[in-house]
Amino acid sequence: MQFFPDFKTFVTIGPVSIHYYAIVIIIGALIAYALGQYRFKQLGYDKGILSDYFFGLLVIGIIGARIWYVIFMWKELYAANPIEAIAVWHGGLAIQGGIVAGLIFSWYFFKKREIPFLIAGDAIMPGVLIAQACGRWGNFFNHEAFGTAVPLSFLKNLHIPQFIIDQMYINGAYHHPTFLYESLGNICVFLIIILLVRRFSRHNGAQFFAYFIGYGIVRFFVEGLRTDSLMLGPIRMAQLTSIVFLIIGIMGEIYVFYKGTNKTY
């Protein structure tokens with residue numbers, strides 16, 4: 001057993017390696033689960049419901065994120081070596097694919113248990129932002145999802161920790177720490193939802209749709225700085241998806257305001 005053999009790896013046990021990428025994803029998922037459990041308890045639901053939901057969501061979300069990434073990177077990375085497509089531990093998860101897959105699974109799960117989807121979404125989606133904020137640190141340890149080149153003085157002026165600056169020196173140049181931008185942006189959206197939307201909105205679904213508005217805005221602008229975007233022709237796929245999320249969020253907020261049910265909690 002060897003701890004910290006390199007920057008990406010937490011521990012190796014014989015031929016098995018546990019990467020920071022996996023650790024931060026699990027940590028983020030557990031935080032989101034705890035936040036969801038707390039909210040479900042406030043709503044009066046059996047905590048066992050979310051326990052059953054959590055494992056399925058985690059698996060489906062990772063599968064969806066991986067499939068999304070592999071689809072758009074097939075020619076560049078996987079056509080010559082298809083078996084590599086299952087090597088999730090090497091990095092390569094497109095969170096928007098995980099969100100889409102997770103939403104489909106969630107709709108099915110809560111419909112089967114006769115729990116209103118928007119009420120469940122209000123309880124769960126804010127915590128997803130924290131999971132995403134944690135997951136971005138996996139990109140940091142993998143030296144991926146960084147932005148365009150910038151001078152060292154730019155990073156110094158951001159007043160970020162030196163260890164982040166040091167690790168943003170990649171391929172002979174310093175780069176935008178876009179993982180950090182998105183991580184902090186997601187935390188800000190989370191705080192806005194729980195401190196403002198949750199407090200002042202009177203309608204079920206307002207927090208759920210606020211997620212799509214906030215995350216869509218953050219991801220759209222951060223994606224514009226990245227150098228490794230998944231592309232659909234000349235279009236950055238994450239930006240296109242962010243626009244779709246933003247439209248869904250705005251239309252959803254209009255719907256719940258005029259036709260949605262009032263909160264009873």
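The values are calculated or read from the model by the stated rules, or taken from the named source; none is laboratory data. Bear in mind the structure is a predicted one, so any value in this text is a computation, not a measurement. Neighbour counts run over all protein chains shown; Cβ positions are idealised from the backbone, glycine included. These accessible areas exclude ligands, DNA and RNA; they are computed on the full protein's heavy atoms, side chains included. Shrake-Rupley method; radii C 1.70, N 1.55, O 1.52, S 1.80 Å.
Quick notes
- Flag if residue 246 is without any contact (Cβ under 8 Å) to a residue 60 or more places away in the chain, open to solvent by 20 Å² or more (accessible area, probe 1.4 Å) and either touching a strand residue (DSSP E or B) at 6+ places or on another chain (Cβ under 7 Å) or not in a helix (DSSP H, G or I) (or both): no
- The set of residues in segment 223-260 being modelled with pLDDT under 95, closer than 17 Å to residue 72 by Cβ and out of contact with any Ser or Thr (no Cβ under 8 Å at 6 or more places or on another chain) consists of 228, 229, 230, 231, 232, 233, 234, 235.
- Of note, residue 260 satisfies the criterion of being touching a Gly at 6+ places or on another chain (Cβ under 6 Å), in contact (Cβ under 8 Å) with a residue 12 or more places away in the chain and within 27 Å of residue 36 (Cα to Cα).
- When restricted to residues that are buried (at least 21 other Cβ atoms within 10 Å of the Cβ) and in a helix (DSSP H, G or I), segment 198-212 contains 7.
- When each of 104, 95, 83, 18 is tested for being aliphatic (A, V, I, L, M) and closer than 13 Å to residue 135 by Cβ, the lone residue that passes is 95.
- Under the condition of being exposed (fewer than 15 other Cβ atoms within 10 Å of the Cβ), touching a strand residue (DSSP E or B) at 6+ places or on another chain (Cβ under 9 Å) and at pLDDT 90 or above, the residues counted in segment 1-59 number 0.
- Residue tally, condition in contact with a strand residue (DSSP E or B) (Cβ under 7 Å, 6 or more places away or on another chain), touching a residue at least 40 places away in the same chain (Cβ under 8 Å) and part of a loop (DSSP other than H, G, I, E, B), over segment 217-243: 2
- Residue that is surrounded by the fewest Cβ atoms within 10 Å (Cβ to Cβ) [pool: residues in segment 86-98 that are modelled with pLDDT of 85 or more and in contact with a Phe, Trp or Tyr (Cβ under 8 Å, 6 or more places away or on another chain)]: 94
- Taking segment 132-163 as the range and being small (Gly, Ala, Ser) and either at pLDDT 95 or above or not in a helix (DSSP H, G or I) (or both) as the test, the residues that pass are 133, 145, 147, 149, 153.
- When residues in segment 173-197 are screened for being in a strand (DSSP E or B), of a type outside the set (A, V, I, L, M) and either at pLDDT below 95 or surrounded by fewer than 16 Cβ atoms within 10 Å (Cβ to Cβ) (or both), 0 of them pass.
- Restricting the first member to segment 79-102 and to residues that are of a type in the set (Val, Ile, Thr), and the second to residues that are open to solvent by less than 50 Å² (accessible area, probe 1.4 Å), the beta-carbon pairs closer than 7 Å and six or more apart or on different chains are 88/66; 95/65; 95/132; 95/135; 100/64.
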